[in-house]
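Below is one structure, written out as C-alpha cells, with a few remarks after it.
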Amino acid sequence: MLNAIWVGFFLTAFAAALFQFLINGQQDIFAALIKAGFDSAKTAFEIALGLTGVMCLWLGVMRIGEKAGFLDALARWLSPLFARIFPEVPHGHPALGSITMNMAANMLGLDNAATPIGIRAMQELQELNPDKDTASNAQIMFLVINASSVTLLPVTIFTYRAQMGAVDPTDVFVPILMATYCSTLAGFLFVAAVQRIRLDRVVLAWLGGLTLVVGGLAAWFLRLPAEELAARSSLVSNLLLLVLIATFLIGALVKRINAYEAFIEGAKDGFHTAVTIIPYLVAMLVAIGMLRASGALDVFMNGMRGLVTSIGCDPAWVNGLPTMLMKPLSGSGARAMMVETMKTFGPDSFAGRLSAIVQGCTETTFYILAVYFGAIGIKRMRYALAGGLVADLAGMIAAVLSAYLFFGGRV
C-alpha cells in the first residue's frame, strides 16, 4: 500500500510538471521540482536531528513510569472492563493480560512496547479461535480499539510541534484527548452493536465515567470566551503533563527505582528512534514536496475548497485533509503530511494544529490490520476494517470540531 502511494506521488508530480511545461509553457517547472526535492530532503534531516533531544526527554520520562510500575497498575485497572468486552476469552486466560498490557502501553504512548505485546495478544486469542482463517469476535474488538488510537500522552506530536517551532507544543493536548475519545467510543460501540455485547454496570460505569471527564472538560472550555480558549488549553495541558511527570518520579522514589538510570535507558531508545525515522521522513517529504511544487496538490486542495464553499461550509479545515486521507493508510506518510502542513502554514496555524490533532487521534488502520492479522494468518477479517474506518471517521470529525472550538479563526 505504502509503496503504491509513494510511487503514485512521484508519478503524479511528474505528470503535472509535464502538463505545466507543455500546456502552460512553464519553463522552470522541472528545476522547481528538483529544488523542492533537495529542499525537502534537507528539511527532513533537520527535523529528525532536532527531534533527538525532545524524543530522548519524553521516552526517558516514559521509561521512569514504566519502571515505577504504572504500566502494570494501569493494566490491572483495565482488566475488569476487558473481561466483559471480550466475553469469548475465559477468565484468567493469558490473552486478557496481554490485551490490558497492550492498551496500557498505548495509553502511555509506549508504541515500541505496545506493538510486540499486541501481536502476542493476537497469537493468544488465535489459540481460542475455532476458525484459524477467520477473525474471531475478540480479535476484531481488540483490533478496532487499537486502530482507534487510545492515547493519553501523544508524545510524538508534542515532539514534532516543538521541532517545527510551535510557541506551545502541548496546546493541542486537550483537543487530541477529546478527539481520540470520540474515535475509540465510536469504534467500540460499532463492534459492540455487531457482536451484541451486553453493556452491564461495569461497562456503563467506564463509558459514563470517561464521558463525564471528557464531556466535562469540553463543557468547561465551551464556557470560556473565544480569546481565552487557547491559553486555557495550554495551561491545562502543561499542568497535566507536569503532574504526570511528578507522579512518575514520586512512584520511582516509593518503589526505590533509580529514576536517573531509567531516564537514561529510555533516552537511549529516544535517540535510536529519532535516527531511525530519517530515511522514512526523507522519502515521504521529498515525494510530498515535489507533489506540491508540481501544482498537483494545490489543484486538489483548491477543488476541495471550492466544493466545501459551494455547500456553505467554512473551508479552513481542508488544509488538514491530506493528513486525514493519509492517516488510515500510512503512519509515516501521515506524519510527513503533518510536518509538511506545519512547514507550509506554520505549526501554530489552524491547519498546523488540525493536522497535529488528526495525527494524534487516530491510528493507521490498514497497517494494523496487516501486521496483527498477518502475524497469525487471518485471511477473512469480517467487519474489522469497517469498525476501524468508523473509528477513523469519528476521530476526524471530532478533530475538526475540536480544532474549531479551540483554535478556529486564529493564526
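Computed values, structure above
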{"quantity": "Residue within the range 107-121 that is of a type in the set (A, V, I, L, M), surrounded by 23 or more Cβ atoms within 10 Å (Cβ to Cβ), at pLDDT 90 or above and over 20 Å from the mean Cα position of the chain (by Cα) present", "calculated": "no"}
{"quantity": "Some residue of the range 194-215 being of a type in the set (S, T, Y), in contact with a helix residue (DSSP H, G or I) (Cβ under 6 Å, 6 or more places away or on another chain) and farther than 29 Å from T43 by Cβ", "calculated": "no"}
{"quantity": "Residue that is surrounded by the fewest Cβ atoms within 10 Å (Cβ to Cβ), among those in the range 2-12 that are closer than 19 Å to Y280 by Cβ and touching a residue at least 24 places away in the same chain (Cβ under 8 Å)", "calculated": "I5"}
{"quantity": "Some residue of the range 123-139 being closer than 26 Å to G215 by Cβ and at pLDDT 85 or above", "calculated": "no"}
{"quantity": "Count of residues meeting criterion [assigned to a helix (DSSP H, G or I), closer than 17 Å to G333 by Cα and not aliphatic (A, V, I, L, M)] in the range 349-377", "calculated": "8"}
{"quantity": "The range 303-331, subset assigned to a helix (DSSP H, G or I) and modelled with pLDDT under 85, residue surrounded by the fewest Cβ atoms within 10 Å (Cβ to Cβ)", "calculated": "L325"}
{"quantity": "Long-range neighbours under 6 Å by Cβ, at least six apart or interchain, first residue in contact (Cβ under 8 Å) with a residue 60 or more places away in the chain and acidic (D, E) within the range 356-372, second buried (at least 21 other Cβ atoms within 10 Å of the Cβ) and assigned to a helix (DSSP H, G or I)", "calculated": "E363/A147"}
{"quantity": "Tally of residues being surrounded by fewer than 19 Cβ atoms within 10 Å (Cβ to Cβ) and modelled with pLDDT of 80 or more across the range 272-282", "calculated": "1"}
{"quantity": "Only listed residue being among the small types (G, A, S), touching a helix residue (DSSP H, G or I) at 6+ places or on another chain (Cβ under 9 Å) and under 30 Å from L204 (Cα atoms), chosen from A15, A36, A73, A48", "calculated": "A73"}
{"quantity": "Qualifying position, being within 16 Å of the chain's Cα centre (by Cα) and surrounded by fewer than 24 Cβ atoms within 10 Å (Cβ to Cβ), among P169, P130, P175", "calculated": "P169"}
{"quantity": "Hits in the range 200-225 (condition: at pLDDT below 75, among the aliphatic types (A, V, I, L, M) and exposed (fewer than 12 other Cβ atoms within 10 Å of the Cβ))", "calculated": "A219, L222"}
{"quantity": "Members of the range 16-30 that are exposed (fewer than 12 other Cβ atoms within 10 Å of the Cβ) and assigned to a helix (DSSP H, G or I)", "calculated": "L22"}
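The values are calculated or read from the model by the stated rules, or taken from the named source; none is laboratory data. This one's a predicted model, so the numbers in the text were calculated from it and none came from an experiment. All Cβ positions, even for glycine, are placed from backbone atoms using ideal geometry, and neighbour counts span all protein chains on display.
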